Each structure stands twice: as structure tokens, then as C-alpha cells.
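The values are calculated or read from the model by the stated rules, or taken from the named source; none is laboratory data. Owing to the predicted nature of the structure, the values given are computational and were not obtained by experimental measurement. Here the Cβ is made from the backbone with ideal geometry for all residues, glycine too, and neighbour counts use every protein chain on show.
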């Protein structure tokens, strides 16, 4: 199993278009150690594989070729922040993250726009969602989708007396999601 780690590491790095020098800078592992790992001249250890898994945004199991667990289901554990419930729908560390969000009525009462690195996509499942995006103030209804760069000032709120539910995808810095949809006929 360990003999296949080197080729797997090289394939991941190559597929991502990353040089050994760039990977060394990201992980803190020397270029020569990375080269020896990929060629099989160095045995992989946990202290080397953990930063590589983070850098490549893959689970450690994928690096070592661990057998599948057999249960692909995600068992979400709710996270509550500022009254909003987030249900994680993905298990993979880093990379794209999917959540179901439940916004209680009138939450937040006074939405404040924020900015941060990344990209966001949201889909309204039920209720109505207010999206403040830069100078735009939009009201989204079930079935509507929004996509935006999170470096723009933005806030998401529920203006109604009923809960609102939405699916959200958060992309890390440098990853961009694409929505292919036609505008609604007016």
C-alpha cells in the first residue's frame, strides 16, 4: 500500500498544476523530500502525509489508498452560529464545502455586510431570503440561485415570519463555482 503513495502524490500534484517548489512552500517540506517521496526513495510518514493531504485538499485515506469504508452517507452534525443552523453536507476537508442552512424568522434582525476570501453559491429551498450584495438588495424565493465573489460586501437574511432553508456551497480562495442557467423570462 505504501509503495503506491509516491505515484499518487505525483499524480495529485501534476493534476493540480503545482510545482515541487510551490508545494514545498505550502507544506514546509523540502523540495528534495517531496521529490524522494514521489519517486519512492523516501517512506511516507504521518508527519509528511498530513500537510500534503491539507495542501492537496484530499482526505488522508485518499493519499494512502485506504479501502472505502462502505458507508458513503454523510451524518451531519448541526452547527449553530448567531441563531442560524448549518448542516454540513460534505466530509472532505478543504475544497468545496456544502451546507444546508436554516434561518429562523427575521434572522439576523439587522444584517451587516461582510467580506472575506472565497466564492459562494446559494439555492433557496423554502421561504424567502434577502441577499444584500454590494449595492444590490435582492429578495430570493424558492428555486432561485445566487452566486458571488465573497470579497464583495454581502449579507444573507430571512426577512419573513417563517423559517427559510437554503443550500450553500462555499469555495475556498482561488476556486470558482459556475452556475449555468438562463435568466428568468420577464
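Residues to consider are 70, 28, 83, 17; find the one that is surrounded by fewer than 17 Cβ atoms within 10 Å (Cβ to Cβ), in contact with a strand residue (DSSP E or B) (Cβ under 7 Å, 6 or more places away or on another chain) and either more than 30 Å from residue 110 (Cβ to Cβ) or modelled with pLDDT of 85 or more (or both).
83
Here are some conditions: (1) free of Cβ contacts under 8 Å to residues at least 40 places away in the same chain; (2) not in a loop (DSSP other than H, G, I, E, B). Residue 151 meets all but one. Which one does it not meet?
Condition not satisfied by residue 151: (2).
Considering the range 9-56 alone, what residues qualify as being farther than 18 Å from residue 95 by Cβ and touching a residue at least 40 places away in the same chain (Cβ under 8 Å)?
First, pick out the residues of the range 9-56 that are farther than 18 Å from residue 95 by Cβ: 10, 19-21, 24-25, 28-48.
If the condition is that a residue be farther than 18 Å from residue 95 by Cβ and touching a residue at least 40 places away in the same chain (Cβ under 8 Å), then 43, 44 are the ones that fit.
If we scan the range 89-99, do we find a residue that is exposed (fewer than 15 other Cβ atoms within 10 Å of the Cβ), at negative phi and modelled with pLDDT of 80 or more?
The first filter runs over the range 89-99 and keeps only residues exposed (fewer than 15 other Cβ atoms within 10 Å of the Cβ), leaving 89-95.
Remaining after also requiring at negative phi: 89-93.
This time we only want the ones that are modelled with pLDDT of 80 or more, so: 89-90.
Among the residues of the range 89-99, at least one is exposed (fewer than 15 other Cβ atoms within 10 Å of the Cβ), at negative phi and modelled with pLDDT of 80 or more, which makes the answer yes.
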